[in-house]
Amino acid sequence: MKNLDSIKPVSILLVEDNPGDARLAKEALKDSKIINVINHVEDGVEAMDYLNKKGKYSEVERPDIILLDLNLPRKDGREVLQEIKENDDLKRIPVVVLTISKAEEDILKSYNLHANCFITKPIDLNQFMKVVKSIEDFWLTIVKLPNGK
C-alpha cells in the first residue's frame, strides 16, 4: 500500500463564471475518493493565462484535467478549447466541457475541437452534484491521465 504522503494530488482547473456552479463543483469534488487540488478561474482570458503561466499564474502547476464551461466572459469557452488543443504543450490535457448548452451545434463543435467529453449541466441541484461525482468517478478514478509535462 502506498504512503498517502507520496501520492500526488490530481490538479483540476475549473473554468466557470457562475459562482453557484463553481461552488457546487468544488463542494462535490471536495469529498472525493481521490486527493485533488481545484483551481478556479472565471473567464477564458484568465484560463489561458493560467495554462500559459502568465502573470499571477507564473508558478502554478499544470492541471491534470480541465472542466470547461462554454459560455464565458472575455474569451468564449470554444475559443479556449481551440487554443488548448492547438497548443503542443497543452493538447494532451483532458478537457471536459461542462455547460448548460444542449445545442447540437455546441456538442458537434466541441468534439470537432477535440473536447474529451461534453456534459450538459443539469438544472437540478442533486443531479448537478451527481454529474460532478460521475466526472470524478470516471476521470479521476478509472482513466489514466497523462503525466503533467
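Just so you know, all these numbers are worked out from the coordinates, no wet-lab data involved. On a predicted model such as this, the values are computed, not experimentally measured, just so you know. When we count neighbours, we look across all protein chains shown, and the Cβ atoms used for this are built from the backbone with ideal geometry, even at glycine.
Beyond 17 Å, what percent of the Cα pairs of region 108-149 remain? Can you show the working numbers first?
On the way: 416 of 861 pairs.
So the portion of pairs separated by more than 17 Å is 48 percent.
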Open item on the list: Only four residue types carry charge here, +1 at the Cβ of Lys and Arg and -1 at the Cβ of Asp and Glu. Report the dipole size of the chain about the Cα centre in Debye, rounded to the nearest 20.
Closed with: 500
Open item on the list: In region 59-149, if the dipole is taken from +1 on Lys/Arg beta carbons and -1 on Asp/Glu beta carbons about the Cα centre, which of Leu90, Ile142, Asn116 is farthest to the positive end?
Closed with: Ile142
Task: Value of Rg to Rh for region 15-70 (Rh from inverse mean 1/r over Cα pairs, i.e. Kirkwood) - done: 0.97
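Fewest to most neighbouring Cβ within 10 Å: what's the order for Val45, Val97, Val10?
Details: Val45 16, Val97 26, Val10 20.
The most exposed by this proxy come first: Val45, Val10, Val97.
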- [ ] Arrange the following residues from fewest to most other Cβ atoms within 10 Å of their Cβ: Ile66, Ile142, Ile135.
- [x] Ile142, Ile135, Ile66
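Of the trypsin sites (Lys or Arg not before Pro) in region 69-144, which ones lie in a loop per DSSP and count no more than 11 other C-beta atoms within 10 Å? Provide the component values of the computation, followed by the final result.
On the way: sites: Arg74, Lys75, Arg78, Lys85, Lys91, Arg92, Lys102, Lys109, Lys130, Lys133, Lys144; in loops: Arg74, Lys75, Lys91, Arg92, Lys102, Lys144.
Sparse-neighbourhood loop trypsin sites (Lys or Arg not before Pro): Lys102, Lys144.
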Task: region 63-81 residues near the modelled Lys54 label - backbone nitrogen below 16 Å, point 7 Å along Cα→Cβ - done: 73-77, 79-81
Open item on the list: For Val37, Val132, Val15, which order do you get if you count the other beta carbons within 10 Å of each Cβ and list the fewest first?
Closed with: Val37, Val132, Val15
Open item on the list: Please compute the Kirkwood hydrodynamic radius over the chain, one decimal place, Å, based on all pairs of different Cα atoms.
Closed with: 15.6
TODO: Using Cα centres only, tell me the gap between region 105-149 and region 66-95 in whole Å.
DONE: 13
Task: Dimensions (Å) - region 64-149, Cα atoms, principal axes, largest first - done: 37, 30, 22
TODO: Normalising by the residue count of the chain, find the relative contact order in percent from Cα pairs under 8 Å and 6+ residues apart.
DONE: 23
